[in-house]
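Structure, as C-alpha cells:
The values are calculated or read from the model by the stated rules, or taken from the named source; none is laboratory data. As the structure is a prediction and not an experimental result, all values here were calculated from the model. Note that each Cβ is placed from the backbone with ideal geometry, even for glycine, and that neighbours are counted across all protein chains shown.
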Amino acid sequence: MQVKYFNKASLLDANNEAILSERNRSIYNENIVDIADDTLFPIVFSMPHNDVEMRVELMLDPTTKVWLDMPFEAYEALPTIDVQKH
C-alpha cells in the first residue's frame, strides 16, 4: 500500500501556507519544531474539502493525529512510501 507523507521541512512549509492562506485546519508550529529533523509524518486519511483543497489527517507521533488543509497540487506532489497492511 502506498502512503503519502511529509518530512519535517515539507510539513512546516505546508502548515505555514495553511496559516497564511487562513485555511480551516492548520497545526501549531510549536508542535512540530521540537520533533527530530529526520521524522516522517504519514498521512492516514485524506479527502477533497470544499472542492478547493485536500484535508489530510497525519500522525505527528504514534499517539497524536492532526488535521491540515492544503492545495491539491501540494498534496499530489508529496512523496509516497510502501507500507504493509497488518
Taking into account only those residues within segment 4-24 that are small (G, A, S) and closer than 13 Å to W67 by Cα, which is surrounded by the fewest Cβ atoms within 10 Å (Cβ to Cβ)?
A18
Heads up, the strands (runs of 3 or more DSSP E) in segment 25-83 (entirely inside) with at least 1 residues that are surrounded by 13 or more Cβ atoms within 10 Å (Cβ to Cβ), touching a residue at least 40 places away in the same chain (Cβ under 8 Å) and touching a strand residue (DSSP E or B) at 6+ places or on another chain (Cβ under 8 Å) are 40-49, 53-61, 64-70
Taking the criterion of being hydroxyl-bearing (S, T, Y), at pLDDT 95 or above and out of contact with any Phe, Trp or Tyr (no Cβ under 7 Å at 6 or more places or on another chain), would at least one residue in segment 28-37 satisfy it?
no
